[in-house]
Amino acid sequence: MDMADVDDRKVKKSFPLTRQSTLGALAAIVRNPLDAIPPSIFTEPLVFSKTAGEMKVYLADPVLIHEALVKNADSLEKGEQVRRALGPALGQGLLTADGAHWKWQRQSVAGAFRHDKLRELQPVMIAAAERTLQRLSASTGGIIDVGHEMMRTTFDIIVETMMSGGHGIDVNRVESGISDFLKPTGWSFALGLLNAPEWIPYPGKRKAQAAVEFLRTSLMSVVEKRRQHPNDRPDLVNLLLGASDPETSRTMSDAEIVDNLMTFITAGHETTALGLAWTLDLLARNPVVENKVLAEIERVTDGQPVTADHISKLVYTQQVFSEAMRLYPPAPIITRAALNDFQLGDYIIPKGTVLIVPIYAVHHHASLWSEPHAFDPDRFSPDAAKTRHRYAYMPFGAGPRVCIGNAFAVMEATAILAVLLQKIRLVASAPRPPAPIMKITLRPKHALKMKVIAR
Ligand code: HEM
């Protein structure tokens, strides 16, 4: 089917095609892709839009999201935009690969994320949170950058759990490297939309390339060191070294292992850290909720240090983290490209269409949430959650490409919140929360500075 037929016959029937001015849309994507989401998707179930000649469908209706990401998963791929923005750093690792190459990688690492395996990691998560507590306690009375502190904590956890310590990898340089890589991603999206050649320079590109080079070289040395000094720990490095494709029996090259280590290190710490930073800001501005969290921590731990047994009992604390990720989803937009024509609700989605699930808009949608902008962790009480469509809330995505680290993230976030909040109070230093800005992940526009007070 010709794409033009769909624009004009099907689409216009009930949802007028939103035509964004190409220049306006590109400027918004470079500035903050959240501004490029058509405003109508915050109230409508789906919106068709065309920018720079490219057809896009925005989905906010949970039924349609289920139909696309779950039922029609085989008709979708990550697509050119994702490859262009993330490919230089993540190659063909688990997040960016498609088809059979994705499948065997997912099967190879799935064992590390089984519930019983994750339970074994809880003491490591708590120990990392305690190191952060010590650092923050040493700053009592001072101001800290909470985003930076959470990045350090979750990075510490991912390196400890997935790479058994990381063989001396430099945390600070890795963190700034990831920021340098993510900063200009708006440009690569915008230029991708224009089909501009990939060599075209743009602000921040050189720095991003240098950062990727540094990150990949550091991880290559982790792989080399592990090959020289093998151990039998069941960590991600060994899983990847031992993986073999069930169809071809081939193993992963060192470059493919680095693709995956890069993927797990970036996807596995930045998102949780941002979710935690936003949670701490929301708690500081909502003392009633904060007191309920403190009461729960006190009741569950009986005033003793947090242990692995406490984590799953901190139910309200988890609800708070869920609600923070509703308001500030760390991965605010996911995209796919249609591999073939397929039926979606009343529409035929033609091959090549870009599907956009603006998780940020779904989580603020007027028909899915009452008072969408209010912070109310009771929305995630077990009873309230039952009354909602499963895909009205999807911080971890949906379908076969759902986040593999979902349960890992919730566990570590709960552990970190409990360990920190039990001993220190963090007070927001700005009168209002910073605006969220999307750089693949949802970051605060200005650093979240908070004052540390001992409890
Ligand atoms: C709060 C924290 C996290 C959030 C909000 C989050 C969000 C997401 C989302 C939305 C996706 C799907 C992307 C898409 O459909 O295009 C995803 C995929 C992924 N996440 Fe997470 N994530 C988090 C934590 C983690 C952690 C802790 C790890 C690893 C330890 C991880 C590793 C991955 C990987 C490898 C994928 C690709 C999975 C695949 O395609 O098979 N994430 N994440």
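Tabulated data for the structure shown
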quantity: Theoretical gain in end-to-end length, S139 to K439 [0.36 nm per residue, Cα-Cα removed]; calculated: 105.1 nm
quantity: Anisotropy class of the range 223-318 from Cα gyration tensor, a/c 1.5 cut; calculated: prolate
quantity: Under the Karplus curve 6.51 cos²θ - 1.76 cosθ + 1.60, θ = phi - 60°, whole-Hz ³J(HN,Hα) for the range 184-190, x wherever Gly or Pro sits; calculated: x, 5, x, 4, 5, 5, 4
quantity: Calculated FRET efficiency for the pair K386/E298, C-beta based, R₀ 35 Å, to 0.05; calculated: 0.80
quantity: Total formal charge among the other residues, if their Cβ is under 15 angstrom from that of H66, Lys/Arg +1 and Asp/Glu -1; calculated: +2
quantity: The chain - mean residue ellipticity at 222 nm from DSSP helices (-39,500 (n - 2.57) per run, n ≥ 4, rounded to 500); calculated: -15000 deg cm²/dmol
quantity: Residues whose placed amide H lies under 5 Å from that of G165, excluding near-sequence neighbours; calculated: E160
quantity: Solvent exposure, largest accessible area first (probe 1.4 Å, DNA, RNA and ligands not counted), of K50, K78; calculated: K50, K78
quantity: Amide H partners (placed H, <5 Å) of I437, local residues excluded; calculated: R443, K445
quantity: ³J(HN,Hα) computed for each position of the range 85-96 - Karplus, 6.51 cos²θ - 1.76 cosθ + 1.60, integer Hz, glycine/proline x; calculated: 6, 9, x, x, 9, 9, x, 10, x, 4, 6, 9
quantity: Probe 1.4 Å, protein heavy atoms only - accessible area per residue of the chain in square angstrom; calculated: 43
quantity: Those residues of the range 133-157 whose amide nitrogen sits under 12 Å from the label point placed on A454, 7 Å along Cα→Cβ; calculated: 137-141
quantity: Surface accessible to a 1.4 Å probe, K313 within the full protein complex, Å²; calculated: 120
quantity: FRET efficiency, K351 to A100 (Cβ-Cβ, R0 22 Å, nearest 0.05); calculated: 0.65
quantity: R425 long-range amide H proximity, modeled H, under 5 Å; calculated: I453, A454, R455
quantity: With DNA, RNA and ligands ignored, accessible area of M220 (1.4 Å probe; Å², nearest 10); calculated: 50
quantity: Sequence of V300, V288 when ordered by accessible area, the most exposed leading, probe 1.4 angstrom; calculated: V288, V300
quantity: Carbon and sulfur %, accessible surface of the chain computed with the full protein complex present, 1.4 Å; calculated: 55
quantity: Accessible-area ranking of I265, I440, largest first, probe 1.4 Å; calculated: I440, I265
quantity: Segment D74-A308, length gained on full extension (0.36 nm per residue, minus Cα span); calculated: 80.4 nm
quantity: Point-charge dipole on Cβ atoms (K/R +1, D/E -1) for the chain, about Cα centre, debye to 20; calculated: 760
quantity: Area of F408 that stays accessible when all protein chains are in place (1.4 Å probe, Å², to 10); calculated: 10
quantity: Environment charge at R83 (Cβ cut-off 13 Å; Lys +1, Arg +1, Asp -1, Glu -1); calculated: -2
quantity: Modelled FRET efficiency - R0 35 Å, F113 with A27, Cβ distances, 0.05 increments; calculated: 0.30
quantity: Of the trypsin sites (Lys or Arg not before Pro) in the range 217-277, those whose Cβ has at most 16 other Cβ within 10 Å and which sit in DSSP loop; calculated: R250
quantity: Beta bridges by DSSP in the chain, antiparallel share as percent, to the nearest 5; calculated: 85
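The values are calculated or read from the model by the stated rules, or taken from the named source; none is laboratory data. Predicted model only: the values in this text are computed from it and were never measured. Here the Cβ is made from the backbone with ideal geometry for all residues, glycine too, and neighbour counts use every protein chain on show. To get the accessible areas, we keep the full protein, side chains included, count just its heavy atoms, and leave off ligands, DNA and RNA. Shrake-Rupley method; radii C 1.70, N 1.55, O 1.52, S 1.80 Å.
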